[in-house]
Amino acid sequence: MPDSLKRLKGKKKPAKQLLLLPPPATFVEESKPSEEYHTAEPNIYNKVEEVPPILSPSVPETISKAQQEETAMYKKLYYTYVEKYVRKNLPVEDAQIVLEDIYLTIDNRALDLIVDGRKTRLPFEVKATSKFSSLNTEDIYHIGFVVKFFLKKSNVFGATFIKEVFPNQLREVEFSTVTTKLTSSESKNPSIPIPKVCWGDNRSISKKFGGHITEELIKQI
């Protein structure tokens, strides 16, 4: 083989170098709003309007602010009544039981009595006072009258209440007799009297206080 061919055969060609070029720029035209949809003021989609929550009276767990205020006024009235007339005539424990049972009645005032045949009972459980209570039946009738009067309940409701709160003292008294005793407010028992605001026309609350418990009314207890 000629020497010239040997030299060509032994010589290696250099490898080709690949040049990496950047990708061509892509031009994206920004979309412009059509003139027919253009408004003077752009819409603000993240604007938050504060709307006060609406309390629905149809939801049992929901108590409106007005109901809360009414409940507070009822409890203030009966606290005043118990402190002024009842507590000094009962043992400390019994006086507290009466007050707490009245509070329980206020909280559940929207519920109706449970009728079981000829008997009625409260739709909630109250705690009974002890058998050592020194109150006579007339005193107890007055408590029942005041409870049913300001809560705008029936005589049957008031009689059921005191029958369950004072079961030992009223054990021998017929339910019909207790109901009848709560129809009048004229008795002026010196131990636990009925407040004068309840005397005479039993519609005095509606006439004088617009049917509501007010500070003026509580002052007259």
>> Run the simple label-point estimate for Trp199 and Ser130 please: 7 Å along Cα→C-beta, distance reported in nm.
In response: 3.5
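Checking the a/c ratio against 1.5 first, then a/b against b/c, what shape does the Cα gyration tensor give for the range 69-165?
On the way: a/c = 1.73, a/b = 1.18, b/c = 1.47.
Oblate is the answer for the range 69-165, as a/c is 1.5 or above yet b/c matches or exceeds a/b.
Just check the range 80-120 against the gyration tensor rule for me: Cα atoms, a ≥ b ≥ c as the square roots of the eigenvalues, rounded for a/c under 1.5, and otherwise prolate or oblate depending on whether a/b exceeds b/c.
On the way: a/c = 3.31, a/b = 2.07, b/c = 1.60.
Prolate is the answer for the range 80-120, as a/c is 1.5 or above and a/b outweighs b/c.
Output the peptides 93-100, 122-129, 170-177, 159-166 sorted from most to least packed, where packing is the average of other Cβ atoms within 10 Å over each peptide's residues.
Numbers: 93-100: 18.0, 122-129: 15.9, 170-177: 12.6, 159-166: 24.2.
Those peptides, ordered most packed to least, come out 159-166, 93-100, 122-129, 170-177.
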> Measuring from a point 7 Å past the Cα of Glu93 along Cα-to-C-beta, which residues in the range 106-128 have an amide N at less than 18 Å?
Replying inline: 126-128
> Ignoring ligands, DNA and RNA, what accessible area per residue does the range 85-204 give at 1.4 Å, in Å²?
Replying inline: 51
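What ranking do 69-81, 104-116 get when scored by the average of other Cβ atoms within 10 Å per residue, highest first?
Numbers: 69-81: 17.1, 104-116: 13.2.
Result, highest mean Cβ count within 10 Å first: 69-81, 104-116.
The values are calculated or read from the model by the stated rules, or taken from the named source; none is laboratory data. Nothing here was measured: the structure is a model prediction, and the numbers come from that model. Positions of Cβ are backbone-derived with ideal geometry, glycine not excepted, and every protein chain shown enters the neighbour counts. Side chains are part of the model used for accessible areas, which takes the heavy atoms of the whole protein and leaves out ligands, DNA and RNA. Shrake-Rupley method; radii C 1.70, N 1.55, O 1.52, S 1.80 Å.
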